[in-house]
Amino acid sequence: MMKSVILVIVVALFIFSCDKNVSSAGCSGLGDSTVVTIQYGEKKYPCNNSSACFGFTKLVDDSRCPEGAVCVWRGSASIEMETCGGKEGSLALEIYHPVEQLIDGDKYSIELTALNPYPSTSHPHDVSEYVATITIKKK
């Protein structure tokens, strides 16, 4: 009888511990649409329970039409982000062109929605001044 009680307790503990592991999987902290701002050289962890991160590592291009200039083309801006956690490597982001990325097994759309400061003809900006705003949307 005592062996049966111990066996039931062990099985119940196993079931409850497994249940907790299942509920903590995935990326908690990201809603349907999350906006993250990242300073050049900085790394952010948008998931509360994960090692998934994004780091702003390189300003690839900023050919947007500078303030005070007249341009026939609005230009573009692109950056390189370091990724860590689930898929390590780099992620190239061009402004207003979303890319798909897996974060903790779930598919997300990641878009560079702003890059500041905006180019200026009167004041050139150092790369260390740049701040990227990315929008992460669950697919």
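Any read-out appearing in this document is the output of simple, stated calculations on the displayed coordinates, not a laboratory observation. What you see is a predicted model; the values in this text were computed from it and never measured. Glycine also receives a Cβ, built like all others from the backbone with ideal geometry; neighbour counts cover every protein chain displayed.
Some notes on this structure:
- For Ile103, distant residues with modelled amide H under 5 Å away: Tyr108
- Cα-based Lys pair tally, the range 27-138, threshold under 20 Å, eight or more apart or on separate chains: 14
- Fully extended contour minus Cα-Cα distance, from Ser51 to Tyr118, at 0.36 nm per residue: 21.0 nm
- Nonlocal amide H pairs with Lys58, under 5 Å, H built at 1.01 Å: Glu80
- Remark: relative contact order (the range 37-81) = 33 percent; criterion is Cα-Cα distance under 8 angstrom and separation of 6 or more residues.
- Rounded to 0.05, the FRET efficiency of the Ala69 and Lys139 pair, given R0 = 25 Å and the Cβ-Cβ distance, is 0.10.
- The range 39-139, relative contact order in percent, only Cα pairs under 8 angstrom and at least six apart counted: 25
- Bins of 10 Å from zero: percent of alpha-carbon pairs in the range 45-105: 21, 40, 23, 13, 3
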